[in-house]
């Protein structure tokens, strides 16, 4: 659908000089500017980089909703708790070899790990021994392809322009067999950052690349369509897709889930896990009262007045693991019905155009969440899975945990907590001043991670290096108040606070 056709579906609204807030919290001043003008500016910029038509349509929809005052809010009164969900343990076992041949495995791999101080693909971080995320993912795929009837299992990474080259070079060098079935990636798109005062594409001549941002992992849907990959998969008889994050090595193809999804008739199945106190501020699953559809509510969609209900883990008991199962022919039909996009809820983030410069121009970054598509289909479901299927690495604290003996790699190359942990990871708090970035983190653990298999919590304050043979049990903290690095010597540290 081109811009003219898209605009024909929408009333044009004159945006006069106004002080009302947009969803990002800014107070823009619109000067005799209508939606069409704002859209034309962004569409022209997208066409300038040959953006795919479905991506332009999706961005145009999000921008129009923003310009018309859509805050993407989901008040508590509009939803009710999601209850009575199926659990993975209750599903029967079975041989899903025939179904694996109809499956595509997709890993989201667009992140650079900037929060950990990286400027390359986060999936290249070493996780266990010398193995990176990509090594373990490649072995997971190889394990599945070794199954009878599943040799042609489709596998793809959704890369970004920033991660594609490093990722493919690494895999070709270490896992050439992965390419036997053909290309292994497709590209997610990028969209303009919007000047918060005008909603026009921001200009930043000092570094034009900073004028762009990723549109969130909800971009997977228009990108699958726009690259032609969705049609190619359907033509090959691939009916199902399992999608997860590349930094979650607990997310592998479970035959019970595949069999259940294939027999359910669902268009979309979400894996959810039980919320704990540590998950209070994260999004949750719910049901919309108006049509009884399952919905995903993120913190940005919760009105301030409903914060207590949002954080009530007894009321809203499940969070999205971002492990999703898609029925591809149903997805194609819904995309076609909506002109190449899914009408995903809007997420508008307030940023500065240069994230390292708080004084730079304020911008709005429009994003959508992949899991929010659960509300876009009439027949969807959710399955409660154990925490072992959710082991993401977002911080160096997470990385220390998975590098330790609290986690193990299974024969099918999943990363999971050892059974003695009973599904509870150790709580790790590393001093952000010293450990936040990989450059800071690595030297302190050059001799390896301490033993955390019996550790409830580990707190480290100040510059503390760990020697070999350190065992932490129960609640342990190490504090170094000096500016020079102090080293924890070999030994057992149980329920103790150590001042170095």
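Numbers at a glance
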{"read-out": "Contact order relative to length of the chain, as percent, for alpha carbon pairs under 8 angstrom and 6 or more apart", "value": "17"}
{"read-out": "Of all DSSP beta bridges in the range 396-499, antiparallel share, percent nearest 5", "value": "10"}
{"read-out": "For Kirkwood radius over Cα pairs in Å, calculated from these coordinates, the label among (1) 24.3; (2) 22.9; (3) 26.1", "value": "(1)"}
{"read-out": "Nearest-0.05 FRET efficiency for residue 299 and residue 360, computed from C-beta distance (R0 25 Å)", "value": "0.50"}
{"read-out": "Two-site label geometry, residue 166 and residue 50: point separation in nm, points 7 Å out along Cα→Cβ", "value": "2.5"}
{"read-out": "Estimated inter-spin distance, residue 274 and residue 498, nm [label 7 Å along Cα→Cβ]", "value": "3.4"}
{"read-out": "Shape category assigned to the range 214-261 from the gyration tensor of Cα positions, a/c cut at 1.5", "value": "oblate"}
{"read-out": "Considering only the chain, percent of DSSP beta bridges that pair antiparallel, nearest 5", "value": "45"}
{"read-out": "Rel. contact order, % - alpha carbon contacts under 8 angstrom, at least six apart, the range 396-499", "value": "22"}
{"read-out": "Computed [θ] at 222 nm, deg cm²/dmol, the chain (DSSP H ≥ 4; -39,500 (n - 2.57); rounded to nearest 500)", "value": "-6500 deg cm²/dmol"}
{"read-out": "Residue 206 versus residue 235: modelled label distance in nm, points set 7 Å from Cα along the beta carbon direction", "value": "4.7"}
{"read-out": "Cβ-Cβ FRET estimate between residue 465 and residue 309, R0 fixed at 35 Å, reported to 0.05", "value": "0.20"}
{"read-out": "0 to 90° range, to nearest 10: angle between helix 255-264 axis and the chain longest Cα axis", "value": "30"}
{"read-out": "Degrees, to the nearest 10: 133-145 long Cα axis against longest axis of the chain", "value": "80"}
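Coordinate-derived values only; no laboratory data. Everything numeric here is computed off the predicted structure, so don't read it as measured data. For neighbour counting, all protein chains shown are included, and Cβ atoms are generated from backbone atoms with ideal geometry for every residue, glycine included.
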